[in-house]
Structure formats: C-alpha cells, structure tokens
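Some notes on the structure that comes next.
The values are calculated or read from the model by the stated rules, or taken from the named source; none is laboratory data. Keep in mind the model is a prediction, meaning the values are calculated, not measured. Ideal geometry is used to build each Cβ from the backbone, glycine not excepted, and the neighbour counts take in all protein chains shown. Heads up: the accessible areas ignore ligands, DNA and RNA and are worked out on the full protein's heavy atoms, side chains in. Shrake-Rupley method; radii C 1.70, N 1.55, O 1.52, S 1.80 Å.
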Amino acid sequence: MEVKVLFFGQAADKVQKNETVASGIKSSEELNVFLKNLYPSLQDFQYRLAVNHVIITEDIKLKDGDVIALLPPFSGG
C-alpha cells in the first residue's frame, strides 16, 4: 500500500521537498510517526493533515492511493 504525501509552505521548507511516497502506512497516526522519524525537522513543527482534500482531526485508516497534504499553520482574514 502506498500513499502520496504533499508538503506545503513551511512544511515544504522544513523537509526540503514538495512530495514523497510512503509505503506500508495504515493510519494517519502511523504516518505522523513515520514522517517525524524521517524528517526530524518536523518534531516540533505544528501541522494538520488533510486526506483526499479533507482536513482530519483524529486518527483514521488510510487506503492505497490516498493523497495526504501536510498543512502548516495558516490564518485567514
């Protein structure tokens, strides 16, 4: 199983790339752990995850082909 991870804004700056692929990840929490181990610069960085264009607030199961966006803090006005 593979999921595509997209990085935006400060998140992209921290990992020095715009996207990556993660294999064998079954949940959003597992993905968080994986990303923080792969990119130590994310350890103390606050971000939100969006799965297939929907911002999530709890751990969810991921499916093959899901697209996950790592969103930095943002504000509107």
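Our estimate of slack between GLU58 and ASP13, defined as 0.36 nm per intervening residue step minus the Cα-Cα distance, is 13.7 nm. Close lysine pairs were tallied over the chain: pairs 8 or more places apart or on different chains with Cα atoms under 16 Å apart number 10. Label positions at LYS36 and MET1, each projected 7 Å from the Cα along the C-beta direction, are separated by 2.1 nm.
Please say if the range 14-57 is rounded, prolate or oblate, where rounded means a/c under 1.5 for a ≥ b ≥ c the square roots of the C-alpha gyration tensor eigenvalues, and otherwise the choice is prolate for a/b larger than b/c and oblate otherwise? Rounded is the answer for the range 14-57, as its axis ratio a/c remains below 1.5. At a probe radius of 1.4 angstrom, the accessible area of the range 1-57 per residue rounds to 62 square angstrom. Assuming charge only on the beta carbon of Lys and Arg (+1) and of Asp and Glu (-1), the dipole of the chain about its Cα centre is about 100 debye to the nearest 20. Ordered from highest to lowest accessible area with the whole protein assembly present and a 1.4 Å probe, LYS14, LYS61, LYS36, LYS26 read as LYS61, LYS26, LYS14, LYS36. Note: relative contact order over the chain, using C-alpha pairs below 8 Å and six or more positions apart, is 43 percent.
Could you check how much of the accessible area of the chain is carbon and sulfur, as a whole percent, using a 1.4 Å probe? The nonpolar share, carbon plus sulfur, comes to 50 percent.
In this structure the amide hydrogen of LEU62, modeled in the peptide plane, comes within under 5 Å of the amide hydrogens of SER27, SER28, none closer than 5 places in sequence on its chain.
By the helix-only formula, in which each DSSP H run with n ≥ 4 contributes -39500 (n - 2.57) and the sum is divided by residues, the chain has a 222 nm mean residue ellipticity of -6500 deg cm²/dmol.
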